[in-house]
Each structure stands twice: as C-alpha cells, then as structure tokens.
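K.L.:
First the structure, which I've put down as structure tokens, then a few questions once you've had a look.
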Amino acid sequence: MPRILLVDDEPNIVLALEFLMKKEGYETFTADDGEKALEAIREHQPDLVILDLMMPKLDGYEVCQRVRSDPACKNTVIVMLTAKGREVEREKGLAMGADLYITKPFSTREVVEKVRGLLSETSAP
Amino acid sequence: MPESKRRNERLVALFVAALLALNFPLLSLASVMKQVWGIPVLYFYLFFVWAFIILASGLTLKRTRDPSGPAPEPPAGT
Amino acid sequence: MLPHWLILSVSFGYLGLLFAVAYYGDKRADAGRSIISNPYIYTFSIAVYCTGWTFYGSVGRAAATGAGFLPIYLGPTLAALLWWLVLRKIIHLSKVFNITSIADFIASRFGKSMKIGGLVTIIAVVGIMPYISLQLKAISLSFNTLFHFHGIPQDSGFFVGEDTALYVALILAVFSILFGTRHIDVTERHEGMVAAIAFESLVKFLAFTAVGLFVTFSIYKGPANLYAEAMQVPELARLMQMDALPGGYATWFSLTFISMTAIMFLPRQFQVLVVENVNEDHVRTATWLFPLYLFAINLFVIPIAFAGVMQFAGANVDPDTLVLALPLMHGHNLLALFVFLGGLSAATGMVIVESIALSTMLSNDLLVPIMLRLKLLRTEAMGGVLLMLRRGCILGVLLLGYLYFRLIGESYALVTIGLVSFAAAAQFAPPILLGLYWKGASRTGALAGLAAGFVVWAYTLLLPSFAKSGWLPISLVDPGPFGISALGPYHLLNLTMFDPITHSVFWSMLFNVGFLVVVSLYDRPAGLDQLQAAVFVQGSRASDTGDTRLWHGTTRVADLMGLVARLIGVDRAERAFQAYAQQHRVQLNSDNVADATLLEFTERELAKTVGAASARVMMSSIIEGEALSIEGLMRIMDETSQVIEYSRQLEQKSRELEAATQELQRTNERLKELDVLKDDFVNTISHELRTPLTSIRALSEIVHDEVNMDPDERQRFLGIMVKETERLTRLVNQVLDFSKIESGAVRGIQEELDLADVTQEALAATSQLARDRDVTISSQLPSEPVRLIGDRDRLVQVIVNLLSNAIKYCDDQVGKVHLRLISDPDEVRMEVRDNGPGIRPEERERIFEKFHQLSDTVKGKPHGTGLGLAICKAIIQNHGGRIWVEDNFGGGSIFTFTLPRQAL
C-alpha cells in the first residue's frame, strides 16, 4: 500500500487531501511545517509527498531540495502544492526536483488522478 | 547732408570759437582797466562770452524733427 | 554766536535728510518709477563737480588771483559743447559693454586688459587722494570757522583740535557705505545716491547765491557800487586784469585744459555722467544747463572775494573762509548756518560719489582680478566678499584722504590741492580720446603712456607736496635731486616759465601722449585689442551718421552663417538662411562671396539679437576689418553683454530642461517602485485568497462527489466551508478597507470624541472573544473624558484589533490582557499588554507591514488576514499619531499608540 505524506500549514486543506487519499486506499501521514515534514519523511519513507510551498520554519523548496539530496529518498515522488500561480514559481519548483506542480485551488479529481498516475509510473518497473 | 551731422559740425565750430575767445590773445584784449556798467571789462567779457556759449549750445541742440536722430524719448520731467 | 550743539545737530539732521532723499530715490527705483530718469536731475547730479573747493576755495583763489578761479568752470563749459559727440559715444559704448567705471572703460577699449584697468585704478586712487583730503579740509575748516569765529574759546568741548577731519572722514565713510553699497550688484545704478547728489547741488547753489546776494546787495548797494569801492583798493584793482594770475595765459590755458578733462574723466564725474546715465538723450539738456549752473554759482565769487578783502582789511582771515566769515561778521548767524550747510553739501556729495566710484574700481579692476588670479576668491562666493571689499575700499579711500590731509593739508590752499588731482585725472584723457577716434591706439601704447604720464605727475606734483610739508628734504625740490636743478620737480630741464601745475601738465601730457602715439605706431596689436579698437572707434550708432549705404566688401557666405549661428544657434540660423534663399530664389553656396543683399539681411538678423549698433559694428568689422579674423570677431561677440545675456537665457533653459528631466526620472523611478509594490500586493492578495478558496473547493467537491458520506463528517466539512467563506469575506473587506485608508482618500468623519468612551466600546466588542478564550481583560482608564478630534469608528477598529490580537496571542493557560489609557496635556497614550510569547526584536517593525504574519512564534497559523496591524498603523498615522510594539517585562508584548490632542 503506497504511503503518502501530506504537508500543509492549512489544517483544512490537509483534512480534504487526507480524506481523498484515504479513500483511494493510500496510507497517509501529515505534517504542518517543513521541519516536521522532513522528520516524517525519514520516519515513514513515503512513496509520495504532497508539499505546500509557503510554510513556517522551512518552506517547500527547502524541503524538496533536502529530500532530493538524500540518497535514501531518491525515489520519493514530490508533488508541489502552492497558491503561487506565476509561471516563474512553477519552473522554479520543477527545477528543484518536484515531479508535479499543482496550483491552489485545485480540482480534487485531477489531484487524485495525477497522484495515481505518478505512483503507478514509479511502481511499474 | 543730414541735419544731425550738420548739428555736430556746428557744435565743433562753437567749441573752437569759444576756445579762441577764452584764451590768449583774444582774452588779453579784455584785460584792461575799464568798466562796463560799473563792472570791470575782464569780468564782464568772460561772463558775457560764457552766457553766449550757453545760449548758442542750447539753441543748437534744441530738439528738431530729425528722422535720423535717436528714438523719441519719454516726456521730460516725469 | 551759534551754539555748538545747534551746529552739530543741524549737520547731522541734514545728513539724515540726505539719506531720506536717497532712500526715497531707491524706493522709487525699486518700484520702477525712477525719479532720476529726468534730464534736470541728471544735470544737477553732474554738478557734483562743484565741491567744497568751489564753495570755499573759489573765493579764496579769486581773492588772490582775480579771474584765476574761472578756468576751472570755463573748461567744463567748453567740454560740454562736445558732449553731444563724445559723451554720448562713451555712454553708448558703456551700455553696450556694461561699463562700471572709468578704469573699466579704458580697459575695455584696449582689449579688456587687466593691466590697464589696474593701472588706471592706481592712478585714480593716488591722484584723487589729495582731492578727498581737500574736502575733509574744507569741512573741518568750516566747522572751525563756525566754532571759533571772533575769539570763541579754543576748547569747543565737542571736537579735539584738528581731529575734526578724522571724525568727518569716518562719518562720511559710514555715509558712503550706506549710500553706495546697499546692493551687491555692481552694475546696478545708485539711483538713491544720484537723487541725493542732485538735491545737494540744489542746496549748495541756493546757499552760495544767498550769501552772494547778501554781500552784493545788502552789505554793498549793488555790484557797481562794490566794484567802485574795490577800485580804490590797489591790491584789488590789480586783480581786475589778467596780470594777477601767476603764470599768465599759459596757466589760464592749462587750467582750462585740465578742467575740460576733469569734468569727464574724474572718477566721480564719469560715474554720474556715464555709469548713472539713464537715457542718452539727457545729454542734450545737460549740455547747456550744466554750464548755466556753473555760470550762476560763480556769478558772486568775485563780489564775495572783494567784499571779504575789504571788510577784513588787515585782519588775518583765511581767504578760503570768507564765504562763512562775511555773514558771521555781520551777525547773520542763520545765513552762516545755511552757507555752512551748502559747503557741507558740496563736500559730502563729492566724497560720497568719489569714494563709491573709487571703491568700485578698486574692487572690480584691481583687487578682484588679483584675488581671482591668486585663487584667493572663488567665483561662487563672490557676492558677499565683493560687498565687504567695496565697503572696505570706501573706508580705505577716505582714510587715505585723511592721511594726506594730516601730512600735507596745512601747507596748501584748497585750490592748489584740487589741481593736483585734476592733473592726475587729465592722464586719462589721451587713452580715452585717442582710443575713441584712432583705431591705431594700442594696448601697449596706452599702458606706456599712462605709466609715463603718471610717473611724471607723481614726480612733479606729488613728490614736491611731501617735500614742502617737510616729509622729504626740501632740497629735492629746490634746487633738485643731487643739487641738479635740471632734475628739479618744478623745473624739469630748467623749464622755468610755468607755474608748478602747468609745468606738470605740460610734461606729463607730453610723455603720456608721446608714449601712447609712438608705441602704438610701432606696435602690432592683435586679436581682441584690435577688435575693441574697431568697436570703440566706430561705436556710435549707425543711424546717427545717417549712413545707409550698402555694404561693399568680400565675405564668404559660410562666414556670415557662422556669425549668425553663433548668436542665435545653428538651427535657427540655417532656417533663416534657407528662408532667405527661397524668398530670393537663389542658391546659397557656402564658399561663394556674399552679395550686398545677403550682407544686409545678415546685419538685420544680427540686429534682432544684439541691436543695430552692435550688428553694424560686427558687420563692418567682418567686412572692412583689415586683418580681422572671423575667430576674433566671434570672441568679441562672446563678450558683448547681449550675447552673455542670450547665453545666460540658454543656460537657464537648459538648466530647466535638466531639472525637468531629473524630475521625470525620479517620477519614473517612483512609478517603478509603486509597480513592484503593487505587483507584490496583488500577488500576496491572490495567495491569501487562494488558501481559503482551496479548502472550500476541495471540501465542496468531496461533499458533492461522495453521496454516501457519513452525515457527521459531511456536517463537519460544511462547517469548515462556512468558516472559510467567512474568512474570505473578511479578507476582501479588509483589503478594500485598507486600500481606502492607506490612500488617504477617505479621511473619515472628524468629530470630537471621548477616547475613554471609545475604549469602553471596544472592550465591550471583544468581551465575548475573551470569554471564549478564557482570557481576563483588565483596564485602567482616566476618570475624566479624554477629548480629541478623530474618526470614532476607525479608532474603535484599532482598539478592537489590538485587543483581539492580544487575546489570540495570550498565554494558553492563564491569559491576561491589560489595557491602559494615559491622558497627557499634549498627547493621549494607549497601551495594550498581553502575557503571550512576545515578539522578537527583528519582527517588531515588520509586523505592521501588510500581510506580515507572525508565523514561527506560534503553533499553527492564526486565522488572520495579515492586514489588521497594517490597517491600525494607517489609521493612527492618519490621525497624526504613532504606533509601535515593545517587550513586556515579565513576558508578552505591549502595543502602544499615541494620538496628538488636536488629532486630525
């Protein structure tokens, strides 16, 4: 069963995402800031992380970079979730090593489908 | 010949005449011990010539309609 | 006898009156209604020629030599005949070149030479020094006569002996400074001074005529009677012929000659005749009216002199004091006092104008050029320095006069001292007159002539005056240096037929003219020297000569275009010439020789900017000028006042343009900044809006899609959605609110309110929130109302905001908020303390910025919009107050704001 880590400082968004992912049958963990996200990643070794960019203490970019520099987590899929809609931010996110960049507010179905697609890609080989 | 140039020449002529009248030898002719109306001739002559110069120069420079002269001045005594 | 206090107070009262006249003249000039723009005032100001020397000395000289005083006034009469030709030309050139003094004028004629300007200044100062001392002597003489006439005790109690002259000098210095250096601008006319001088001329004329009438018709029964009695006195009868004049006709002629030059070239005469002239046409009236003034003021000189000699027969009375002594002797004290005022007028007028003229020369033509060259003076700082310099010069000149008086004064009669100065001023005649009518007179020639003439003058007149006063061995004068009589200052080469003045005039003029002519003939003047020569010689207006002939000569079209372009700019010049070419249907080729029509056209173009005369001069120089290069002409044009004015305007315009450009750049920068700010703002807003929107959308989609949801969970989700919608609404409202407040567009309602009352309202509004969070709020308000003017609702909003923040960030366990309102006489102070975690120092400024949220100090994220404190800050600032946050000792923070009592 794929494990998913949900990181956002907005509890309501986390709540919605958790509901969706659980319904898909994924095992979920949550964190509400960057530092806790890193801890959770080390502890639970999730297959996929949905990461908000604007967070207290450690922002999403930083978390993404750390994850990418850690060989143990090199297969972790990272989906960035952000209210910053500008093209520059998007490119920056992808350059940092994110696999997907989703702008808030998002369509729940789309998120679910994309997450499903990403997980099947990585688990296929 | 323009009137303004003629006037300048008259002034020069008056100057020369006055210079001659007020110096040797013409002046020496007045240096005598006589009186005119009780006034010594020398003094009478000097002041008479002086008055004449003033009168003549005033008349020579009296404003005339002179098209080549300077621009009309504002009324005097303002 | 006249009491001393009366004499002194009348003297000072009169000086005060003069100053009032001058003040009025200046005021009228400032108001643009000049009182001196009038040929009669102009003429009376020229009468500053008649000094204390005329007033007292003429009588003295008449008593000794009969008609011998007259050449001093006949000379100016003769000179006036030539004013219409010569003086107008000088005035015209002076206006073209903005001349400020005679030194300036001579220097300008000879290629604007600094050396010549300096030399002329030195000659003027040294040469005029005796003349000033003469006025001091005249004034102190008249004082002492009034004080001591007929055995009055020597100790006057007011003045100590001969130091009268020193006091007079100092008072006159103060006066001249007040008259002449009130303004910094040197080229400005001294209208007030001219008015005062003209007034003084009237006073001295009336005073002298009054005493003349008194003597002739009251003491004696008419002139015939007087002369008849005089005939009986052998020494007086002798004075009725020319033999009485030492030196005879030669002296007569030389005195006439130096007076002719003096009337125009004494620095003060040049000042009133040329520099202060308002309208060239005033010369027309002055030419006959000024000689008439001289005529009238001299009419009674001989009668007074003769009467004095007869009345004081045998008594030892200084003939220079006869004008005063006669009315005093006959007990007419008030007449004497009036005469005294006339003499005071004559002397003070001269000293004031002379010292102003000399100080202008000293500063402009000698000290400033030297200081600039030695880099002692920076051009930017010149205004103030110049003013102080000129004041210093006035004082210096007068003290120099006093010094000469103390050294020499007692040993000469008034007239003799004055003639020494006349002879010095005569040195200026050759360079000016030859310079005006002979193009060939060159700079080197003028320098050599002036220097030679000055040296001869100093040797033959100045040196003997020191020797005769005992400051140098008298053997220097008689027989002569080293006992050689051929070197004697009074009889060079044993020329003994002349009196000392004539002797000096003869030799100094011989050397002056001789050097000027000979050196000029062998000199090759170049550049500016030659150009200025051309301008000065042809300087009178083209229209005066009635010469309307077409131009003949050869000049290239390109040169003409260059000339015009230099004046009005290349673009305009090209357009003008193109228009000309079209109008005349000709092709203008730069290398072609210009035809007559084009030359006339060019002249007219030039005249538009520089005036007809200058245009004519430029044209004549460029076309006829023998070896005149176009470059040289360009230089001259650059220095004419019109071009300077024109370029000043251009400079002004380009400065304005530059300033406008800078302003534009600044505005642009500001706009860019604003754009960035706006971008940030929009970006942040969109972020803040997206967050609640995300929750709402995600949850509503879930509720929508999951038909079989657990009802409790569905209810919970819907509840969140409602809260998030509220949050969104709040946010939108606050953003609108904030932008309104920050732009200052809405200043809110201004009403008188009681801040204590406002606080109560805010406390009530937040009590529910406090209860929910279990926070205790305590408050401390003054008992009296705290009155100020402001917007009630906005202030409630601020306090509510601060209170709810405090409640939110309070300690989780024991929440405590304390509010305190302090009322000072000039300001009101509100403090809100909490016992929360506090705010880190580096955050304290930034929390008042919009969308700055305290994030890392608390767990989770508070549901604020990040605009609350920014709005508070904007409101408080709109009320003219201040808001800030401090550390609360014992934990937590204190938010404080102050409002001025008269809040806007």
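The values are calculated or read from the model by the stated rules, or taken from the named source; none is laboratory data. Just so we're clear, the structure is a prediction, and the values are computed from it rather than from any experiment. Virtual Cβ from ideal backbone geometry, glycine too; neighbours counted across all protein chains shown. Keep in mind that these areas ignore ligands, DNA and RNA; they rest on the heavy atoms of the full protein, side chains included. Shrake-Rupley method; radii C 1.70, N 1.55, O 1.52, S 1.80 Å.
Per-residue answers, yes or no, for (1) farther than 22 Å from C:L8 by Cβ; (2) buried (at least 23 other Cβ atoms within 10 Å of the Cβ):
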position	(1), (2)
C:D281	yes, no
C:T285	yes, no
C:A313	yes, no
C:P327	no, yes
C:L335	no, no
C:L344	no, yes
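K.L.:
For the range C:39-86, how many residues meet the condition of being hydroxyl-bearing (S, T, Y), in a helix (DSSP H, G or I) and either modelled with pLDDT of 90 or more or within 26 Å of C:E276 (Cα to Cα) (or both)?
P.N.:
8
K.L.:
With the structure loaded, tell me whether C:S647 is open to solvent by 40 Å² or more (accessible area, probe 1.4 Å) and either within 11 Å of chain A (Cβ to nearest Cβ) or at pLDDT below 80 (or both) or whether it fails that test.
P.N.:
In short, yes.
K.L.:
Would you check if A:E35 is farther than 18 Å from C:T691 by Cβ, within 14 Å of another protein chain (Cβ to nearest Cβ) and not polar (S, T, N, Q)?
P.N.:
So A:E35 passes the test.
K.L.:
Scanning for something open to solvent by 10 Å² or more (accessible area, probe 1.4 Å), assigned to a helix (DSSP H, G or I) and modelled with pLDDT under 75, does the range C:126-147 turn up at least one residue?
P.N.:
Scanning the range C:126-147 turns up no residue that is open to solvent by 10 Å² or more (accessible area, probe 1.4 Å), assigned to a helix (DSSP H, G or I) and modelled with pLDDT under 75.
K.L.:
Counting just the residues of the range C:14-49 that are under 20 Å from the mean Cα position of the chain (by Cα) and within 14 Å of chain B (Cβ to nearest Cβ), which one comes out nearest to C:Q269 (Cα to Cα)?
P.N.:
C:I36
K.L.:
Quick check on C:T609: is it at pLDDT 65 or above, among the hydroxyl-bearing types (S, T, Y) and part of a helix (DSSP H, G or I)?
P.N.:
Against the criterion (at pLDDT 65 or above, among the hydroxyl-bearing types (S, T, Y) and part of a helix (DSSP H, G or I)), C:T609 does not qualify.
K.L.:
Could you run through the range B:40-53 and say how many residues are assigned to a helix (DSSP H, G or I) and either more than 16 Å from B:L20 (Cα to Cα) or more than 8 Å from chain C (Cβ to nearest Cβ) (or both)?
P.N.:
7
K.L.:
Output the number of the condition that C:R829 fails; it satisfies all remaining conditions of (1) within 18 Å of C:W884 (Cβ to Cβ); (2) open to solvent by 20 Å² or more (accessible area, probe 1.4 Å); (3) in a helix (DSSP H, G or I).
P.N.:
(3)
K.L.:
Checking the condition of a type in the set (A, V, I, L, M) and away from chain B (no Cβ under 14 Å), which residue from C:I302, C:I297, C:I352 passes?
P.N.:
Answer to the selection: C:I352.
K.L.:
Shifting gears a bit: Taking the range A:1-18 as the region of interest, how many residues are assigned to a helix (DSSP H, G or I), hydrophobic (A, V, I, L, M, F, W, C) and closer than 20 Å to A:S120 by Cα?
P.N.:
The total comes to 1.
K.L.:
Is at least one residue of the range B:60-73 modelled with pLDDT of 90 or more and facing another protein chain (nearest Cβ under 7 Å)?
P.N.:
Within the range B:60-73 (the criterion being modelled with pLDDT of 90 or more and facing another protein chain (nearest Cβ under 7 Å)), the answer is no, since none of the residues qualifies.
K.L.:
Could you look through the range C:665-702, keep only residues that are more than 10 Å from chain A (Cβ to nearest Cβ) and of a type in the set (A, V, I, L, M), and pick out the one that is least open to solvent (accessible area, probe 1.4 Å)?
P.N.:
C:I685
K.L.:
Quick one: in the range A:19-32, which of the residues that are within 14 Å of chain C (Cβ to nearest Cβ) and part of a strand (DSSP E or B) is surrounded by the most Cβ atoms within 10 Å (Cβ to Cβ)?
P.N.:
Out of the qualifying residues, it is A:A31.
K.L.:
Taking the residues in the range B:14-28 that are hydrophobic (A, V, I, L, M, F, W, C) and open to solvent by 60 Å² or more (accessible area, probe 1.4 Å) as candidates, determine which candidate is nearest to the chain's Cα centre (by Cα).
P.N.:
Filtering first and then ranking leaves B:V16.
K.L.:
Considering only residues that are at pLDDT 85 or above and surrounded by 19 or more Cβ atoms within 10 Å (Cβ to Cβ), look in the range C:721-743 and name the one that is nearest to the chain's Cα centre (by Cα).
P.N.:
Once the filter is applied, the top-ranked residue is C:E724.
K.L.:
Only one of these is open to solvent by less than 60 Å² (accessible area, probe 1.4 Å), in contact with a Gly (Cβ under 8 Å, 6 or more places away or on another chain) and hydrophobic (A, V, I, L, M, F, W, C): A:V79, A:V7. Name it.
P.N.:
Testing whether each residue is open to solvent by less than 60 Å² (accessible area, probe 1.4 Å), in contact with a Gly (Cβ under 8 Å, 6 or more places away or on another chain) and hydrophobic (A, V, I, L, M, F, W, C) leaves just A:V7.
K.L.:
For the range C:497-518, how many residues meet the condition of being open to solvent by less than 40 Å² (accessible area, probe 1.4 Å) and part of a helix (DSSP H, G or I)?
P.N.:
Going through the range C:497-518 one residue at a time, the tally reaches 11.
K.L.:
Give all pairs with beta carbons closer than 7 Å in which a residue from the range C:323-348 that is under 12 Å from C:F208 (Cβ atoms) meets a residue that is open to solvent by less than 10 Å² (accessible area, probe 1.4 Å) and outside any helix (DSSP H, G or I); count only pairs at least 6 apart in sequence or on separate chains.
P.N.:
These pairs meet every condition: C:A346/C:C50; C:A346/C:T51.
K.L.:
Somewhere in the range C:791-804, is a residue without any contact (Cβ under 8 Å) to a residue 40 or more places away in the chain and among the acidic types (D, E)?
P.N.:
no
K.L.:
Follow-up. So if I check each of C:V323, C:V317, C:V272, which one is more than 10 Å from chain B (Cβ to nearest Cβ), of a type in the set (A, V, I, L, M) and open to solvent by 30 Å² or more (accessible area, probe 1.4 Å)?
P.N.:
Residue meeting the stated conditions: C:V317.
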